[in-house]
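Report on one structure; see the data block that follows.
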Amino acid sequence: SDQPDCAAGMDFRQSEQCKAVDQDEDEEATHSARDNNSNNSQLSVDTGRLSQLEMQLIGTASELQNLRMDLQTAVQQVNTLAASLIKQEEIIQQLAASHAQLTGQPIPPPLQLTPGHITSSPFDSPGTPGTHRQPIDPALRQRWEQRGEEAGLSSWMSKFLLLSVLRPGPGSGGQLGEEVTAVGPLMTELFLPSAERPPRYVAVGSSQGRVLLYSTRGALVLSHVTGTTTPVTALTSWALRKNESALVTGHTNGEVRMHVVHLLQLTAGQEGGIKQVVLRHVLEAGKGRVRVFEPAPITHLLSARPNSRPQTRRQVVSWDTNGWVRVQRENGTLRMEFQSNVTHLAVTTSGTTVLAL
């Protein structure tokens, strides 16, 4: 009722009031259009986000489907592997039975081990060279075997296959003739991890400072004099290149000696393939890169690469009874040394990491 009647014949004041009313109506229309545009923009943004979420859900569903298919494939592979293992076990049992019929010897029972205990081998008997254990009481053996069955170790140990037995004792023809103080595999494969193929040779360190190289069948291939008569207490090895391996020995006098094993090209049916072993470097006892310490027997040796590149040369890590740890390069130079405040019981490698217990 306050608004003027904007009709023809109105005076100047009324005309100005009508213009103001028209301007207010235009501003309200403009604000309303802006609000509508803003609402439409927000709706478009929300619609775009919903579309993105829908695409992400579709992608997640596709990934879950792929994972489900991968899991099904893995289950099929495990079932196939289990069937193959069962078949291999049946073949082994048949071969063992055939061997027993041909030789007239009974099949030796599988070893039974329990945590924290070691039983004697069925191939050992009292009075044979290299056997220093007394016969185990049958009642005690029965308790051990019962505990092993409870721990689920019997079936696990039955998968092991005894390849050969090296018995210390005087004489020749592959007999050691001296006390065994260290043993380890001689690695000769460049590109295959040791877990995928067993070693061709076994290095045995003796109390007289020698290293005897045996084939896995138990035949003596070569006897090497390390250059010292102190007992060999630790061994490690790795493949340098084709037909050439590094063999490192640690001794009770604290020395670390690196040898190079030259291999022959094996032919079909050939038992041994080692040409010679040459001493390459000697890391003196008690000698560090920046300090000198009291020599002590070497307890552990490991070879490891400082990075994951296969062309990187390996380094040798040695531990002694005084807690000194030395890192030696492949060319014989010393990289570093430090002393730990504990005695390490066991050492191993995981990739480029050295683990010490």
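Things worth noting here:
- Annotation for segment 303-357: chymotrypsin sites (Phe, Trp or Tyr not before Pro) lying in DSSP loop with at most 10 further Cβ atoms inside 10 Å of their Cβ do not exist.
- Each peptide in 232-242, 203-213 was scored by the mean count of other Cβ atoms within 10 Å over its residues; highest first, the order is 203-213, 232-242.
- Chain lengthening between V282 and K87 when straightened (0.36 nm per residue, less Cα-Cα): 65.2 nm
- Measuring nothing but how far apart in sequence close Cα pairs (under 8 Å, 6+ apart) lie, relative to its length, segment 263-337 scores a relative contact order of 23 percent.
- Extension gain from S340 to E179, taking 0.36 nm per residue of separation minus the Cα-Cα distance: 54.9 nm
- Low-density loop positions, GluC sites (Glu not before Pro), segment 251-357 - DSSP coil, at most 11 other Cβ in 10 Å: E271
- Ordering of 39-45, 215-221 by packing is 215-221, 39-45, highest average first (other Cβ atoms within 10 Å, averaged per residue).
Bear in mind these aren't lab numbers, they're just calculated from the coordinates by the rules spelled out. Only a predicted model underlies this, so the values are computations on that prediction, with no experimental measurement involved. Here Cβ is always computed from backbone atoms with ideal geometry, including for glycine, and neighbour counts include all displayed protein chains.
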